[in-house]
1. Can you name the residue in region 384-403 that is surrounded by 15 or more Cβ atoms within 10 Å (Cβ to Cβ) and either among the aliphatic types (A, V, I, L, M) or within 14 Å of H221 (Cβ to Cβ) (or both) and is also nearest to ligand 2 (Cβ to nearest atom) among such residues?
2. What is the residue count in region 174-197 for residues that are assigned to a loop (DSSP other than H, G, I, E, B) and surrounded by 18 or more Cβ atoms within 10 Å (Cβ to Cβ)?
3. Can T63 be described as in contact with a helix residue (DSSP H, G or I) (Cβ under 9 Å, 6 or more places away or on another chain) and more than 16 Å from ligand 1 (Cβ to nearest atom)?
4. If the Cβ limit is 7 Å and pairs must be 6+ apart or interchain, which residue in region 295-313 that is among the small types (G, A, S) pairs with which residue that is not in a helix (DSSP H, G or I)?
5. Quick check: anything in region 374-388 in the same structural domain as V200 (by TED's automatic domain parsing), more than 30 Å from H50 (Cα to Cα), among the small types (G, A, S) and away from ligand 1 (no atom under 16 Å from the Cβ)?
6. Quick check on my filter: what residues within region 75-104 are over 27 Å from the mean Cα position of the chain (by Cα) and away from ligand 1 (no atom under 13 Å from the Cβ)?
7. So, in region 76-90, exactly how many residues are crowded, with 16+ Cβ neighbours inside 10 Å and closer than 24 Å to S52 by Cβ?
8. Go through region 404-420 and report how many residues are touching a Gly at 6+ places or on another chain (Cβ under 9 Å) and within 16 Å of ligand 2 (Cβ to nearest atom).
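The values are calculated or read from the model by the stated rules, or taken from the named source; none is laboratory data. The shown structure was predicted, so the numbers you read here are calculated from the model rather than taken from an experiment. FYI the Cβ positions are ideal-geometry reconstructions off the backbone, even for glycines, and counts take in every protein chain you see.
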Amino acid sequence: MHNLPATDPELDLAALIQPDRVSRRLYTDQAIFDLEMQRIFGRAWLYLAHESQLPREGDYVTTWMGTQPVIVVRHKGGAIHVLHNRCPHRGVMVITDDHGNTGNTIRCGYHGWTFRTNGELLLAPMRDAYANRYDMQDHACFGLSRVPRVDSYRGFIFGSLAPLSYPLPELATFLGEATHCIDRIADRAPAGEVDVSGGVHKYLIRGNWKAQVENLNDNYHPPFSHACTTDETTQRQFRRRYGDDSGVHLDTSEQNSKWDSVLAQGLDWGLSYCGPLPFNHEKRGGPLYDAHHSALAAKHGETHAEEILTDFFHNVIVYPSVVMQLASSHVRTIRPVAPDYTEIRVYPIKLKGAPEEINRQLIRYLNITHSAASLIQSDDVEMFRRVQGGLASQGQEWVWFNRHMEDDQFRRGGGTSEVVMRNQYQAGYLRYMEEK
Ligand code: FES
Ligand SMILES: [Fe+2]
């Protein structure tokens with residue numbers, strides 16, 4: 001599983017990834033993509049699912065770790081296992097639905113081998129044929145392989161394919177400051193936990209996975225990429241959520257320096273977050289806001305409730321696989337399929353214990369902004385397609401991330417700075433890729 005592909009003898013990572021620019025080959029080259037799947041997606045903590053998607057024994061979600069299919073399943077007694085979705089017999093994917101309940105067992109559709117939900121082989125039909133020569137209880141040969149590291153934070157389940165010898169910290173340490181962002185999302189639920197079982201938007205983009213990851217904390221692009229989604233004169237979008245009677249004010253004037261007032265903060269392992277957007281202010285007050293505030297105040301007290309409802313960040317990237325947003329509350333996963341194909345999944349994060357209308361509005365809002373046919377996300381998707389198209393050109397070698405190169409403090413800059421992308425390459429990408 002951990003055999004690395006033959007490395008291109010010409011592949012000199014330090015030459016391809018410089019402090020202020022990276023080679024176009026990172027977005028187009030199959031050998032580099034294969035190495036990324038082994039060394040980045042084969043090692044990092046990757047987001048897999050949320051516990052609310054698996055409330056009962058036997059509930060499962062299928063997903064991918066890089067290009068490898070896995071099953072996240074709740075076993076007897078409540079433990080969650082992450083199993084490779086690959087029959088040990090002849091290689092069939094044992095579950096193909098996105099989610100469901102498999103009872104106590106998982107049965108392969110090809111020849112009927114049947115496994116417990118912890119991956120152990122329960123029975124192989126007409127077993128006598130294997131005689132005594134094989135120990136069918138030998139899990140390494142005949143069980144559904146388990147992903148070696150699985151952990152969760154506030155119900156968000158992560159796994160890592162890294163062998164235990166790889167120096168990956170525990171999940172909470174890996175998340176570092178990002179835990180505060182995840183706490184804030186979960187604390188907004190008066191019940192203290194969120195619900196990510198509200199459906200999903202899925203789409204394939206014709207672009208490299210890094211184009212999406214680099215876009216998430218990029219506050220240089222909105223005045224241009226998203227100009228078409230706002231009214232030219234009022235700079236207003238559409239009604240957003242409770243307390244907002246007039247629509248989001250998304251200022252797309254080209255010289256708008258307010259975007260630079262947004263904090264961009266890189267973290268260890270290529271993680272990052274950005275501060276609240278300058279035009280994202282929701283008005284306080286109104287019956288729904290008040291009901292939400294009261295429910296939180298009953299649990300946390302007035303002052304803390306106020307704090308919880310204040311946006312201190314816009315979104316947080318747990319590099320390389322997921323971003324979570326606070327105000328437009330959702331989880332967005334990034335799954336590389338090929339150098340020029342990436343699957344995106346967007347799951348609304350519902351707030352347990354909040355007035356139901358808030359959760360309904362959230363889903364309506366995400367339908368408008370983040371579905372395949374949305375007003376905002378489709379602008380970005382079109383840009384990723386154009387990036388991939390442009391990088392087919394060999395007229396220039398470099399993709400530049402040098403904006404505010406001289407001004408940034410360590411890993412920190414203004415919104416239009418490209419410090420976060422530089423941090424993704426230096427603290428994340430290279431760290432994983434350089435280790436053999
Ligand atoms: S491939 Fe699964 S039982 Fe044969
Ligand atoms: Fe965008």
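1. Ranking the candidates gives F384 first.
2. Of the residues in region 174-197, 5 are assigned to a loop (DSSP other than H, G, I, E, B) and surrounded by 18 or more Cβ atoms within 10 Å (Cβ to Cβ).
3. no
4. Matching pairs, first to second residue: A295/P190; A295/G353; A295/A354.
5. Checked against the condition, which is being in the same structural domain as V200 (by TED's automatic domain parsing), more than 30 Å from H50 (Cα to Cα), among the small types (G, A, S) and away from ligand 1 (no atom under 16 Å from the Cβ), region 374-388 yields no hits at all.
6. Answer for region 75-104, where residues must be over 27 Å from the mean Cα position of the chain (by Cα) and away from ligand 1 (no atom under 13 Å from the Cβ): K76, G77, G103, N104.
7. Here the count works out to 6.
8. Total satisfying the criteria: 2.
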